[in-house]
1. Quick one: which residue in A11, A20 is open to solvent by less than 60 Å² (accessible area, probe 1.4 Å), under 15 Å from the mean Cα position of the chain (by Cα) and at pLDDT 95 or above?
2. Please list, ordered by residue number, the helices (runs of 4 or more DSSP H) wholly in segment 69-180 having 3 or more residues that are open to solvent by 50 Å² or more (accessible area, probe 1.4 Å), farther than 30 Å from K50 by Cβ and of a type outside the set (S, T, N, Q).
3. Return the only residue of A179, A143 being among the small types (G, A, S) and in contact (Cβ under 8 Å) with a residue 24 or more places away in the chain.
4. Looking for something touching a residue at least 12 places away in the same chain (Cβ under 8 Å) and touching a Phe, Trp or Tyr at 6+ places or on another chain (Cβ under 9 Å) - is there at least one such residue anywhere in segment 114-122?
5. What pairs can you find where one residue is in segment 86-107 and under 18 Å from A57 (Cα atoms), the other is in a loop (DSSP other than H, G, I, E, B) and open to solvent by 50 Å² or more (accessible area, probe 1.4 Å), and their Cβ atoms are less than 8 Å apart, with a gap of 6+ or different chains?
6. Of the numbered conditions (1) outside any loop (DSSP other than H, G, I, E, B); (2) under 18 Å from I88 (Cα atoms), V31 satisfies every one except a single condition; which is it?
7. When segment 46-68 is examined, which residues are found to be in a loop (DSSP other than H, G, I, E, B) and modelled with pLDDT of 95 or more?
8. Scan segment 88-115 for residues that are at pLDDT below 95 and within 17 Å of S137 (Cβ to Cβ) and report the count.
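The values are calculated or read from the model by the stated rules, or taken from the named source; none is laboratory data. Predicted, not measured: the structure shown is a model, and the values here were computed from it. Don't worry about glycine lacking a Cβ; one is built from the backbone with ideal geometry, like all the others, and counts go over all protein chains shown. Note: areas computed on protein heavy atoms with side chains; ligands, DNA, RNA excluded. Shrake-Rupley method; radii C 1.70, N 1.55, O 1.52, S 1.80 Å.
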Amino acid sequence: MKKKNIIITGATSGIGKALAKFYLKSNHSLVLTGSSEKKLKLLSKEINSKNNFYLKADLTKPKDIKSLVSFALNKLDQIDILVANAGIYEPSEIISGDPNKWDRVIQVNVNSVFRIINLILPNMVKNNLGDILILSSISGHQAIRWEPVYSATKHAIQSFAHGLRTQVAKHNIRVISIAP
């Protein structure tokens, strides 16, 4: 794979961190983001490279999402791959759950994905090239009893990915959803 410019959200742990390490081996240029300054600093020490850029972003805040995309385009000029990996897991019974926590899950798992893709698409369309990888879950294919709100967010992402794919294929942009 030729050198690519990649944004990875939720890059400070789990799948996002593993993907950052994987892409770094191939000398890609990465913009890595997470919501914890401390975890970003640890990540920058662990996978230090002149091709990496780090930015703390709270994906529940539209201004942070806009700043992230502006930062990435400023550092990399174009975005070839977006890995929309950030997510929050919140298991709860509906009767005793906290709707404020659910709002945060929906903001990160759904709204931030919609917003970041909306902001990145013009660059990908202009370049007639791009890959959008959206991390979903098995919960996006069947409702899980102990996590109905989380399952709902992953169902939303699955539907969004299918619809988006049909809209952007004509621009040589691929949309992939993965349910690990």
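1. Just a single option satisfies the conditions, and that option is A11.
2. 99-106, 148-168
3. One residue alone meets the criteria, A179.
4. yes
5. Here the result reads A86/S35; V105/Y89, each pair linking segment 86-107 to a residue that is in a loop (DSSP other than H, G, I, E, B) and open to solvent by 50 Å² or more (accessible area, probe 1.4 Å).
6. Evaluating V31 over (1) outside any loop (DSSP other than H, G, I, E, B); (2) under 18 Å from I88 (Cα atoms) leaves (2) as the failure.
7. Scanning segment 46-68 gives A57, D58, L59, T60, K61.
8. 5
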